[in-house]
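Below are the structure tokens for one structure; questions will follow.
The values are calculated or read from the model by the stated rules, or taken from the named source; none is laboratory data. This one's a predicted model, so the numbers in the text were calculated from it and none came from an experiment. Reconstructed Cβ throughout: ideal geometry from the backbone, glycine too, with neighbour counts over all protein chains shown. Remember, those area values only see protein heavy atoms, side chains included, never the ligands or the DNA or RNA. Shrake-Rupley method; radii C 1.70, N 1.55, O 1.52, S 1.80 Å.
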Amino acid sequence: MKDHIETLCVQAGYQPKTGESRIPPIVQSTTFFYGDSQVMADLFDLKREGFFYSRLANPTVDALEKKIAALEGGAAGIGCASGMSALLLTAMTLCEAGDNIVTAGEIYGGTFNLFSTTLPKFGIKARFFDVDAPAEEIDALIDEKTKFVFAETIANPAVAILDFDKVAAICKKHGVLFIVDNTLASPALCRPLSLGADIVIHSTSKYLDGHAAALGGMIVDGGKFPYRGNPRYPAFNTPDESYHGLVYADLPVAFATKCRAQMMRDTGAIMSPQNAFLTLLGSDTLALRMERHSRNAEKVAAFLASHPKIEWVRSATLPADKYYALAKKYLPNGTGGMMSFGIKGDAKACARFMEHLRIATQETHVADVRSCVLHPASTTHRQLTDAQLIAAGIAPNLVRLSVGIENADDLIADLAQALETV
Ligand SMILES: *Cc1c(COP(=O)(O)O)cnc(C)c1O
């Protein structure tokens, strides 16, 4: 019998033994006691499960890894210090100099920088495709050095919806990994592993935590990709001399084991026990929160779309939106709280509007319980001219809104009064 997501949110990941704490304790220790040197030797040989040093694994982080792996329907999770470190470790586990990755262009700005600026310094090139491009165009970017294809379920901040069937078919044809950043959908609304993805990435700093309290990232290994004998992945098919001659393709969970044994070992970019604890608490209510975020966003988008001072609204909840059909297919229970819209007016009008908001505050964050807004043209992208903004796909009048779980009528009344001042 398979439990539903609501049940997994509160029950998965940690089962106490008699007399132990009901919720996962914060195990604030770098190291772990062993009295038997053979047991320790077996741990190092990966013959036995256990903890020996918190740079590699920690019981509190382990509880969160097991929980998010269960939520995504995956085989194993790896808790990372941030979403960015989860992405970096994933690339490091798969690529070396001379390799390339094929990625949607509509992705989070930090990920775009990692792929377009930082990885090329190490000889790993990114090839970008338009998420709406026809299959042939994406297919043509893949060669024998392509190690993975990457996209976001709901793109941040473009709010484009990924066509899973299109990309999954291409990846399957080439025997190449399909990796999806599921941060803005969360497993409560979409489970990429069931739609053809092989690995799922999260910034847990967003909806999984939900409270804007803890930074974190998670890599979920689906555990089913056929590495064995696949000429695209020689590093999975030859002995790892840095790890006792292990051949990762022979293991039940090849990617997660390689990622932890090599890259977590070498970087120490692991989530802290404190942040894992906070994220465990937050994720208990994930399913409930995502319902509310989605319903609120639907109401707010409908209000904005009908407002005379609004030029356009991008939200897949609107039947007129170009991603409406894909959202209905892949995210039938809602699309979360993210949207963007254009105010009729210039950047000054947008700034005025935001200063008058009482509930939604200006923040460089999204996807937590509190509504927040950001006007890229006067904040994150303020050094650009109007022409440069448009070239970057950011209209000068674009306001990004992350709808929280407040009362929808209160949010709408607040937006209405602030629009009066424009
Ligand atoms: C925020 C975000 C990231 C980066 O996560 P951090 O936890 O801030 O490092 C990656 N992908 C998406 C889609 C995000 O929204």
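Whole Å is fine, so just give me how far the alpha carbon centre of segment 258-289 lies from that of segment 175-204.
Between the Cα centres of segment 258-289 and segment 175-204 lies a distance of 16 Å.
Hey, another quick one. How large is the convex hull of the C-alpha atoms of segment 308-357 per residue, in Å³?
In segment 308-357, the Cα hull volume divided by residue count equals 93 Å³.
While we're here: Looking at segment 314-411 from every direction and averaging, what is the projected area of its Cα convex hull in nm²?
7.0 nm²
Follow-up question, since we're still on this one. Output the pairs from Lys309/Lys329; Lys125/Lys322; Lys66/Lys145; Lys145/Lys224; Lys125/Lys166; Lys328/Lys348 with a Cα-Cα distance over 27 Å in this structure; if there are none, say none.
Table pairs above 27 Å Cα-Cα are Lys309/Lys329; Lys125/Lys322; Lys66/Lys145; Lys328/Lys348.
Here is a further query. Filter the trypsin sites (Lys or Arg not before Pro) in segment 274-360 to those in DSSP coil with at most 12 other Cβ atoms within 10 Å of their Cβ, and list the result.
In loop regions of segment 274-360 (DSSP not H, G, I, E or B), the sparsely surrounded trypsin sites (Lys or Arg not before Pro) are Lys322, Arg358.
A follow-up question, please. Helix 408-420: angle to the longest alpha-carbon principal axis of the chain, degrees 0 to 90, nearest 10?
It works out to around 50 degrees.
Skipping prolines and chain starts, which residues have an amide H placed within reach, meaning under 5 Å, of the one on Phe148, given they are 5 or more residues away or on another chain?
Val102
Lys/Arg Cβ at +1, Asp/Glu Cβ at -1, dipole of the chain taken about the Cα centre: which of Ile142, Pro234, Leu398 is farthest positive-ward?
Toward the positive end, the furthest listed residue is Leu398.
If you don't mind, there's one more thing I want to ask. Is the C-alpha gyration tensor of segment 212-259 telling us rounded, prolate or oblate? Criteria: a/c under 1.5 is rounded; beyond that, a/b larger than b/c is prolate, otherwise oblate.
prolate
Around Asp209, under 14 Å between beta carbons, what's the net of Lys plus Arg minus Asp minus Glu among the other residues?
So the surrounding residues net to +2.
Hey, which aspartates and glutamates would be in cross-link range of Lys2, C-alpha to C-alpha under 20 Å, not counting anything within fewer than 8 residues on its own chain?
Cα-Cα hits under 20 Å: Glu65, Glu72, Asp221, Asp284.
For segment 80-154 and segment 310-336, compute the distance between their C-alpha centroids and round to whole Å.
Answer, in whole Å: 25.
Right, another one. Find the accessible area per residue for segment 358-414; the probe is 1.4 Å, ligands and nucleic acids are left out, and the unit is Å².
47 Å²
Once fully extended, how much extra length lies between Ile390 and Lys329, figured as 0.36 nm per residue of separation less the alpha-carbon to alpha-carbon distance?
18.9 nm
Can you give the Rg to Rh ratio of segment 19-121, both from alpha-carbon atoms, with Rh computed by the Kirkwood formula?
1.06
Something else now. Checking the a/c ratio against 1.5 first, then a/b against b/c, what shape does the Cα gyration tensor give for segment 94-159?
Because a/c hits 1.5 or more and a/b fails to exceed b/c, segment 94-159 counts as oblate.
A further question on this structure: On the protein heavy atoms, probe 1.4 angstrom, tell me the percent of accessible surface of the chain carried by carbon and sulfur.
56 percent
Using helices alone, what [θ] at 222 nm do you get for the chain, with -39,500 (n - 2.57) per DSSP H run of 4 or more residues, divided over all residues and rounded to the nearest 500?
Helices in the chain give a 222 nm mean residue ellipticity of -9000 deg cm²/dmol.
Is the C-alpha gyration tensor of segment 117-252 telling us rounded, prolate or oblate? Criteria: a/c under 1.5 is rounded; beyond that, a/b larger than b/c is prolate, otherwise oblate.
Oblate.
What are the equivalent ellipsoid semi-axes of segment 61-174, built from the alpha-carbon gyration tensor (square roots of five times its eigenvalues), in whole angstrom, biggest first?
Working from the Cα gyration tensor, I get semi-axes of 23, 18, 15 Å.
Another question about this same structure. Would you mind calculating the gained length between Met40 and Val422 on full extension (0.36 nm times residue separation, minus the Cα-Cα distance), in nm to one decimal?
Between Met40 and Val422, full extension yields an extra 130.8 nm.
While we're on this one: Using only the alpha-carbon atoms, how far is helix 164-174 inclined from the longest principal axis of the chain? Give it as 0 to 90 degrees, nearest 10.
Its long axis makes an angle of about 40 degrees.
Tell me, what is the percent relative contact order of the chain, built from C-alpha pairs under 8 Å that lie six or more residues apart?
16 percent
In addition: Using only Cα atoms, tell me the angle between helix 273-283 and the longest principal axis of the chain; keep it within 0 to 90° and round to the nearest 10.
Here the helix axis deviates by roughly 50 degrees.
What share of the DSSP beta bridges in the chain is antiparallel, in percent to the nearest 5?
60 percent
So what's the net charge close to Gly345: Lys and Arg +1, Asp and Glu -1, counting the other residues with Cβ under 15 Å from its Cβ?
-1
For segment 348-392, what is the per residue volume of the convex hull drawn over the alpha-carbon atoms, in cubic angstrom?
Taking the convex hull of the Cα positions in segment 348-392, it is 70 Å³ per residue.
May I pose another question? Can you give the Rg and Dmax of the chain based on its C-alpha atoms, in angstrom?
So, for the chain, Rg and Dmax equal 22.1, 73 Å respectively.
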